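The values are calculated or read from the model by the stated rules, or taken from the named source; none is laboratory data. Computed from a prediction, not measured in an experiment: that's the story for all the values here. Here the Cβ is made from the backbone with ideal geometry for all residues, glycine too, and neighbour counts use every protein chain on show. Protein only, heavy atoms only, side chains kept; ligands, DNA and RNA dropped before computing areas. Shrake-Rupley method; radii C 1.70, N 1.55, O 1.52, S 1.80 Å.
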Amino acid sequence: MSDSLALTLAGETVWLHGDRALFYPGDSALLVADTHFGKGAFLRRRGLAVPGGESRADLDRLSILIEHFQPARLIVLGDFFHHRPSRGEPFLDAWPAWRARHALLTPEVVIGNHDRHAEGLDLDMIWHSHLDLGPFRLVHDPYPVSGRHVLGGHLHPAYRLHGGADSVRAPVFWLREGVTVLPAFGGLTGGWPIRPARGEKVVMALDGDLYPLP
Amino acid sequence: MPTAADGLAAVDAWFARQGWSPAPFQRRGWAAFRDGRSGLIHSPTGSGKSLAAWLGPVSRALDRGDRGGGLRVLWITPLRALAEDTAGNLREALDGVGLDWRVETRTGDTGSAARARQRKRLPEALITTPESLSLLLSYKHAAQRFQHLDAVIVDEWHELLGSKRGVQLELCLAWLRARRPGLPVWGLSATLGNLDQAMAVLLGGAQGGQPGGERIAGDSPKTLTVRGLCPDQVDRFPWAGHLGLAQLQPVIDYLEEGRTALLFTNTRAQAELWFEALAKARLDWITEIGLHHGSIDRRLRQKLEQGLRDGAFRCVVCTSSLDLGVDFSPVDRVVQVGSPKGVARLMQRAGRSGHRPGADSEILCVPSHAFELVEIAAARRAWAAGRVEARPPLTLCLDVLVQHLVTLAVGDGFQAPRVLAEARATHAFAGLTDTQFQWCLDFITRGGAVLEHYPQFRRVVEDDGVYRVTDQGLARRHRMAVGTITSDYQMRVKYPRGGSIGTIEESFVARLKPGDVFLFSGRALELIRVRDMTAYVRAAKGRRSLVPRWQGGRLPLSTELADTVLDILEEVAGGDYRDQEVQAIRDVLEVQLDQSALPSRRQLLIERSRSREGTHWFLFPFAGRLAHEGLASLLAWRLGQRFPATFSISVNDYGLELLTAAKVPPLHEDDWRALLTPESLVEDVLAALNAGELARRRFRDIARISGLVFQGYPGKGKTGKQLQASSGLLYDTLDRYDPDHLLLDQARREVLESQLEIGRLRAVLERARDQALVLTTPERFTPLAFPLWVERLRNRLSTESWRDRVARMTERLEKHADRRAGDA
């Protein structure tokens, strides 16, 4: 158990981090998936009394990761937004200051299904349909691609670990043949229970620490 | 002009034509209603309660020459499955006395066309559930619908009392009373230990402003006999276990003598196993046996119930799913497998047989291990002595209040002072403070007490003193959520080509891999895949299968029963074996006495044994498994303050085990006195139990009821998915940003009160203060200790952090993997 773990994927070293991020030193790129910014505000507008603060907390976690890895690029593997942000939303208030704090980075997003809502917003970011990085293909929806190792999100993989009557459920990195699925980064995102097949590996991310499961 | 006697004369005439005569309690019920009074009619079993309530309003309608037009009688039932049967019975009585009223049902099963028609014009008598009644308040002009209401009858009130659905009903009744002052409300209930309280809650508690209610005892029960099935050879009889299948053959013999039997088990898993065993043992009965439990598809269950009525079955294996409802007259045998758990429940089950005139009711109890024979004898004695369990009503469930407020806001809107007065007229919210009420208003209008935390929140809007929901999407989603107080996280079980078999808990399916075989609905099924909250299965052949463990049904042994068991054990210690069931296990009890001692109300038995695993302590307070779980954690934690050691814990209804591999000093009486002190109980329990996580789990229901999360539309797959957030995450989020949130507080309170039975735990410690502590050191596990050792509840000591727990679980997995690798 520790907060980060080095792995070799497609012959390259990458670091998994317990705060649900992946760092690829080859291109000095920090990758997270499914931030779902603005989900709390979206729920509140529809009558669910979720307190605000989660978007800010997610930005703070992202800042800590950036300070830790000092990446040259920050890439979000889709679903940057949960829904189209509306005026007065806490995320939009916090975003300019956060950008100023990391002025050297221009966030890049591989477009996900939720991001269609963001069309036409001027946020000074770079949007990609997909992105190739070293041997990797970066996408939102992680379908295998021949000749490349896919890094994606979309699924929000989670796993329930059992030990007798006890059990713990947490987001996981799901390491499959030719595909690695990142856990959702956003603090208010749910998980989708996965069933790893033989030969696949699962690394649990719980409270900032990583637990590779045998 | 009709005279006041007309209605009752018609009733008498109908009774006479049937060859019946009204029982005195029925006459009392009719007279009390006709005097405009409210009350509670109770009896241990079926026996004419419905008519005692129903014919009051019916006879008065006859008096008045009532031609109908609008709702007169609201009939509340806890189970929608009962609604149709009830409607049939009520109609039969109307035909008999010649009153031309419409009787309709309105439940989650009612089609949308019928519901829309009912919204325009209600029938004279409506049979509905608490949820559906609540929903009626969420439509415009709600008060007009009830302007002719003359009576509310709440069937099986004991089932609702003590649950949040009961609280929901209390609020609806208060709303109705405020619009129809003096509205008579009648409850029908099985026997309870707190009947006066049950009536007071129904009639609006202390401040209801109602005249004192009338408590009417139904006919005293037919002879109810409780008999334990005593094994022939006690030496081969297990000291532990929970299936009771060792007794299969004598049970088959018993069934063979009768015509139609109900065989009750305590869990669905046990029901599946018994059904399978019966089917295997008697292939010739295959078409005459059935399986009935709450997870089996509703249509299959209905078919089965019809078959029971028609006498088409020799035996139906069932769980509490058949505890309620109209009687099946062909049933002449009732069997209870495993511990009866409570006196009232056992008697209710016994009462399901013998509905033929002159027939007595008998229940045959099949113990699954030796000590359960003592429980059976105890149940019989407690019943004879009138010691029956109470059901304490819930109070201050803010989640239910919040839901009710939004319901009213979706309907015609509400004014705060009026709604507060109505809420305080209920038993549940009599103690609601202004601050708590204001918090609820803030919660639905602003998201929470601290406005800045909930930017852009929008749900209920206040305009000129009236609170309303104006957004149609919100209104629709709220109505969708109202029906869900009881629903659980269930997955459908289906064949790929359609064909639904039932529902199963998600947590069980989550442990299965495609290809795994499990026993369900009496069939061996192989899991193909899981998609969209549905488990697709095919029939499996010949492989050993898993049995699902459903969450429900793990009731603790009641205090009334447990204390009677202790009384019997005290007699046994004095050499007195007066019950045949106790006599049957004399050998086992003597071994216990010989190796150690027997507990009683006056002495608490504490055994210490050593094994290769380490040091075991066994305590036998006989307080039920929930209180023992709390006590075990508490003791482990307090022991951990004295010396470094971690403990495994095991509990059952009789006692608890603490096991540690660490070197520990012997504990003397003084040590135990200190460990068992009731002082700082709550603080220590909270520290011991990692209560935060328990509360987090508990929060799931609270979040759903209060509308903090939206579950999506049932059966509609992914619709509404964008609105979903897990209640666990939400708990964490609230805990971080709005720690004073009153619903978090409620979750913690529910953990203490319902999950850990803190009241009972405190009673154990207070009793222990006056008890003699009997410390023994048997060389081997005693008959009382052995079941605990066997059933070593794969429990954890919850003082461990997540970190340690995950580390330990992964370690287990590794060991397991190593072993498999070693085997290969």
*Of A:Thr35, A:Thr8, which residue is crowded, with 16+ Cβ neighbours inside 10 Å and among the hydroxyl-bearing types (Ser, Thr, Tyr)?*
A:Thr35
*Identify the single condition in (1) touching a residue at least 12 places away in the same chain (Cβ under 8 Å); (2) in a helix (DSSP H, G or I) that A:Arg44 does not satisfy, given that it satisfies every other one.*
(1)
*Give the range A:49-107 a look and list any residue that's of a type in the set (Lys, Arg), within 14 Å of another protein chain (Cβ to nearest Cβ) and either crowded, with 18+ Cβ neighbours inside 10 Å or in a helix (DSSP H, G or I) (or both), or say none.*
A:Arg56, A:Arg61
*Verdict on B:Glu124 being assigned by TED's automatic domain parsing to the domain that holds B:Arg60, surrounded by 15 or more Cβ atoms within 10 Å (Cβ to Cβ) and acidic (Asp, Glu)*: yes
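Can you tell me which residue in the range B:424-467 is farthest from the other protein chains (Cβ to nearest Cβ), limited to those that are closer than 27 Å to B:Gly204 by Cα and among the hydroxyl-bearing types (Ser, Thr, Tyr)? Please lay out each step first, then the result.
First pass over the range B:424-467, keeping only residues closer than 27 Å to B:Gly204 by Cα: B:424-444, B:465-467.
Within this subset, residues satisfying the condition of being among the hydroxyl-bearing types (Ser, Thr, Tyr) are B:426, B:433, B:435, B:467.
Values: B:Thr426: 24, B:Thr433: 20, B:Thr435: 18, B:Tyr467: 13 Å.
Looking at residues that are closer than 27 Å to B:Gly204 by Cα and among the hydroxyl-bearing types (Ser, Thr, Tyr), I get B:Thr426.
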*asked:* Just the residues that are crowded, with 22+ Cβ neighbours inside 10 Å and free of Cβ contacts under 8 Å to residues at least 60 places away in the same chain, please, taken from the range B:373-422.
replied: B:Phe414, B:Val419
*Hey, can you tell me all the residues within the range B:138-163 that are buried (at least 22 other Cβ atoms within 10 Å of the Cβ) and of a type outside the set (Gly, Ala, Ser)?*
B:Val152, B:Ile153, B:Val154, B:Asp155, B:Trp157, B:His158, B:Leu160, B:Leu161
*Quick check: is even one residue across the range B:80-90 assigned to a loop (DSSP other than H, G, I, E, B), closer than 23 Å to B:Leu122 by Cα and of a type in the set (Ser, Thr, Tyr)?*
no
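Among the residues of the range B:362-372, write down those that are closer than 17 Å to B:Glu571 by Cα and open to solvent by less than 10 Å² (accessible area, probe 1.4 Å). It would help to see each step written out before you state the result.
Narrowing the range B:362-372 to residues closer than 17 Å to B:Glu571 by Cα: B:371-372.
Listed by number, the list holds a single entry, B:Phe371.
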*In the range B:658-672, which residues are under 15 Å from B:Arg612 (Cβ atoms) and not basic (Lys, Arg)?*
B:Leu659, B:Thr660, B:Ala661, B:Ala662
*Would you mention how many residues in the range B:315-338 are part of a loop (DSSP other than H, G, I, E, B) and either acidic (Asp, Glu) or modelled with pLDDT under 85 (or both)?*
8
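Filter the range B:736-793 for residues that are polar (S, T, N, Q) and open to solvent by 10 Å² or more (accessible area, probe 1.4 Å); which is nearest to the other protein chains (Cβ to nearest Cβ)?
Here is the first cut: in the range B:736-793, the ones polar (S, T, N, Q) are B:746, B:754-755, B:771, B:776-777, B:782.
From what is left, the residues that are open to solvent by 10 Å² or more (accessible area, probe 1.4 Å) are B:754-755, B:771, B:776-777.
On the way: B:Ser754: 19, B:Gln755: 14, B:Gln771: 30, B:Thr776: 29, B:Thr777: 28 Å.
If we take residues in the range B:736-793 being polar (S, T, N, Q) and open to solvent by 10 Å² or more (accessible area, probe 1.4 Å), then B:Gln755 is nearest to the other protein chains (Cβ to nearest Cβ).
Can you tell me how many residues within the range A:113-131 are open to solvent by 30 Å² or more (accessible area, probe 1.4 Å), touching a strand residue (DSSP E or B) at 6+ places or on another chain (Cβ under 9 Å), at pLDDT 80 or above and not small (Gly, Ala, Ser)? Before you say what the answer is, go through the steps one by one.
The first filter runs over the range A:113-131 and keeps only residues open to solvent by 30 Å² or more (accessible area, probe 1.4 Å), leaving A:113, A:116-117, A:119-122, A:124, A:126-130.
Okay, now just the ones that are also touching a strand residue (DSSP E or B) at 6+ places or on another chain (Cβ under 9 Å), so A:117, A:121, A:126-130.
Narrowing the set further to residues that are at pLDDT 80 or above leaves A:126-130.
Still in the running and not small (Gly, Ala, Ser): A:126-128, A:130.
Adding up the residues that qualify gives 4.
When you look at B:Gly166, is it at pLDDT 90 or above, in a helix (DSSP H, G or I), of a type outside the set (Lys, Arg) and open to solvent by less than 20 Å² (accessible area, probe 1.4 Å), yes or no?
Numbers: at pLDDT 90 or above: yes; in a helix (DSSP H, G or I): yes; of a type outside the set (Lys, Arg): yes; open to solvent by less than 20 Å² (accessible area, probe 1.4 Å): yes.
So B:Gly166 fits the description; yes.
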*When B:Ser47 is evaluated against the numbered criteria (1) part of a loop (DSSP other than H, G, I, E, B); (2) over 26 Å from B:Ala350 (Cβ atoms), which criterion, by number, is the only one it fails?*
(2)
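Return the residues of the range B:293-314 that are small (Gly, Ala, Ser) and modelled with pLDDT of 85 or more; say none if nothing qualifies. Talk me through it step by step, then tell me what you get.
Residues of the range B:293-314 small (Gly, Ala, Ser): B:294-295, B:307, B:311-312.
Within the range B:293-314, B:Gly307, B:Gly311, B:Ala312 qualify.
Go through the range A:190-205 and report how many residues are in contact (Cβ under 8 Å) with a residue 40 or more places away in the chain and either more than 10 Å from chain B (Cβ to nearest Cβ) or open to solvent by 10 Å² or more (accessible area, probe 1.4 Å) (or both). Lay out the reasoning, then the answer.
Within the range A:190-205, the subset in contact (Cβ under 8 Å) with a residue 40 or more places away in the chain is A:202-205.
Checking which are either more than 10 Å from chain B (Cβ to nearest Cβ) or open to solvent by 10 Å² or more (accessible area, probe 1.4 Å) (or both) leaves us with A:202-203, A:205.
The number of residues fulfilling the criteria is 3.
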*Taking B:Ala13, is it over 31 Å from the mean Cα position of the chain (by Cα), surrounded by fewer than 24 Cβ atoms within 10 Å (Cβ to Cβ), among the aliphatic types (A, V, I, L, M) and not in a loop (DSSP other than H, G, I, E, B)?*
yes
*Output for the range A:177-189, where each listed residue is buried (at least 18 other Cβ atoms within 10 Å of the Cβ) and either closer than 17 Å to A:Val150 by Cα or of a type in the set (Gly, Ala, Ser) (or both)*: A:Val179, A:Thr180, A:Val181, A:Leu182, A:Pro183, A:Ala184, A:Gly186, A:Gly187
_So B:Leu605 ticks every box in (1) assigned to a loop (DSSP other than H, G, I, E, B); (2) open to solvent by less than 10 Å² (accessible area, probe 1.4 Å); (3) at pLDDT 75 or above; (4) not aromatic (Phe, Trp, Tyr) but one. Which box is left unticked?_
(1)
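Yes/no per residue for (1) within 14 Å of chain B (Cβ to nearest Cβ); (2) touching a residue at least 60 places away in the same chain (Cβ under 8 Å); (3) of a type in the set (S, T, N, Q):
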residue: A:His130; (1), (2), (3): no, no, no
residue: A:Val139; (1), (2), (3): no, yes, no
residue: A:Tyr143; (1), (2), (3): no, no, no
residue: A:Gly152; (1), (2), (3): no, yes, no
residue: A:Glu177; (1), (2), (3): no, no, no
residue: A:Asp209; (1), (2), (3): yes, yes, no
residue: A:Pro212; (1), (2), (3): yes, yes, no
